[in-house]
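The values are calculated or read from the model by the stated rules, or taken from the named source; none is laboratory data. The structure displayed is predicted, hence computed values, not measured ones. Backbone-built Cβ (ideal geometry, glycine too); neighbour counts: all protein chains shown.
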Amino acid sequence: MALGVVRALGMMGVPVVVFYYDDHSMAQVSKYVKDSVKIPHPEQAERRCIEMLIRHSEKFGEGILFPVSDEAVAAVSRNKRLLEPFYTVACPEWEITRRFLDKRNTYVLAKQHAIPAPRTFFPCSEQDLTRFIGGIEFPYLVKPCQSHLFHQRFGKKMFPVATPQQMLEAYRLARSSGLEVMLQEYIPGDDTQVVNYNAYAWEGRSLVEFTAAHVRNAPPFFGSPRVAVSRDIPEVLKPGRNILKALGFYGYACTEFKKDCRDGIFKLMEVNGRHNLSTLLAVRCGINFPWLHYRHLMHGELPEAAAFEKEIYWIDLVRDVGYSLRYLATEKYSPTQYLRPYAKPHVFAILDRGDFRPFIRRISALVRKISQSLRPGREKQRNREPQITLGK
């Protein structure tokens, strides 16, 4: 996410400083970055993180602060009043932020405003869960209320479950890690049924809109996009506008929907109130959301609606190659389907001949990760966690 914002602003001549907290980060080595600072993790050491941001404002001067991960959004939003004397903060107040970070709030609002969403239940105990199991048909999903915490712990977005026992196991596993979860019906359909509604909202209106469809996800069915394509998807404009208005959201957000083949209706999956993974797709198609965001907050230029180029692909090369090889037997795409995004007009998530160092850093981090996973004892550790999959 950070790399997309760095390039989107840097190519417009904006001097960029990156505050990073993950050793695997790559945005800080982009040619567009003037300086970078490693800071404490915003979730694990929130107070020290905020103090360091404030301290470094003296060095870099007044600027706009873009938090581009869920944990960064949470920390910055909670401390927005402390940061505002030093930065223009590009995220809403905590009262709004908690509504989309905690998915329980999002789905409650969706129901109140008649925005289609999957059937969702919030168990408070195993007894609640047992009562719920008696009235559903599997498969189902055990999803986190706060996605970034769940992903940090398990490395995935959710647990798909096909039996009552799997649901109970997944619930216990999440609760033993101190994470709250919800139970949600599985919307049938492959990755191509998932779409993104991207918008810049202000004072209850979506001023600039951009829509795209997922092509392949990582992992398939339950992951984030590894290939996406810009498309005109008018069916998600109204529900996308309505959920942002219901949240009271302003700024940039990427809202995810999935088309339910049973009734043909797009159902709300989640709202990401930050610049997203495929930021550079919209930029390539003619809508530079980070630049619009910057010009609005720093110079008072209210963004205006604009047309965008269609059928442009966005490709996360490393993940697409890796997951395509891993799921070659199960995805069952033809060679033409695999290669089409590369043959058509496209933009890569990381690879850029004019800004090559982030890609080198990404490959190096991947090699280290593979090396670590092969160390003795790692396999035993992985095997202690239940393997929960969606049964046929």
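Which residue out of V68, V76 is assigned to a loop (DSSP other than H, G, I, E, B), aliphatic (A, V, I, L, M) and either modelled with pLDDT under 95 or not assigned by TED's automatic domain parsing to the domain that holds T279 (or both)?
Matching residue, one of V68, V76: V68.
Filter region 84-132 for residues that are assigned to a helix (DSSP H, G or I) and of a type in the set (F, W, Y); which is modelled with the lowest pLDDT?
Per the criteria, the residue is F132.
Do we have any residue at all in region 173-192 that's surrounded by fewer than 22 Cβ atoms within 10 Å (Cβ to Cβ), assigned to a strand (DSSP E or B) and of a type in the set (S, T, N, Q)?
The answer is yes, given that some residue of region 173-192 is surrounded by fewer than 22 Cβ atoms within 10 Å (Cβ to Cβ), assigned to a strand (DSSP E or B) and of a type in the set (S, T, N, Q).
Can you pull out the residues in region 133-147 that are buried (at least 16 other Cβ atoms within 10 Å of the Cβ) and either at pLDDT 90 or above or not aromatic (F, W, Y) (or both)?
I133, P139, Y140, L141, V142, K143, P144, C145, Q146, S147
Against the definition (among the hydrophobic types (A, V, I, L, M, F, W, C) and either more than 22 Å from the chain's Cα centre (by Cα) or at positive phi (or both)), how does I136 come out, yes or no?
yes
Can you tell me how many residues in region 277-303 are modelled with pLDDT of 95 or more, part of a loop (DSSP other than H, G, I, E, B) and within 14 Å of the chain's Cα centre (by Cα)?
Residues that pass the stated criteria total 1.
Outside any helix (DSSP H, G or I) and within 23 Å of the chain's Cα centre (by Cα) - does that describe any residue in region 46-63?
No - not one qualifying residue is present in region 46-63.
Would you be able to tell me the number of residues in region 8-31 that are in contact with a helix residue (DSSP H, G or I) (Cβ under 6 Å, 6 or more places away or on another chain), assigned to a loop (DSSP other than H, G, I, E, B) and either among the acidic types (D, E) or surrounded by fewer than 20 Cβ atoms within 10 Å (Cβ to Cβ) (or both)?
2
Filter region 216-262 for residues that are farther than 19 Å from A282 by Cβ and modelled with pLDDT under 95 and give the result.
Correct list: A218, P219, P220, F221, F222, G223, C261, R262.
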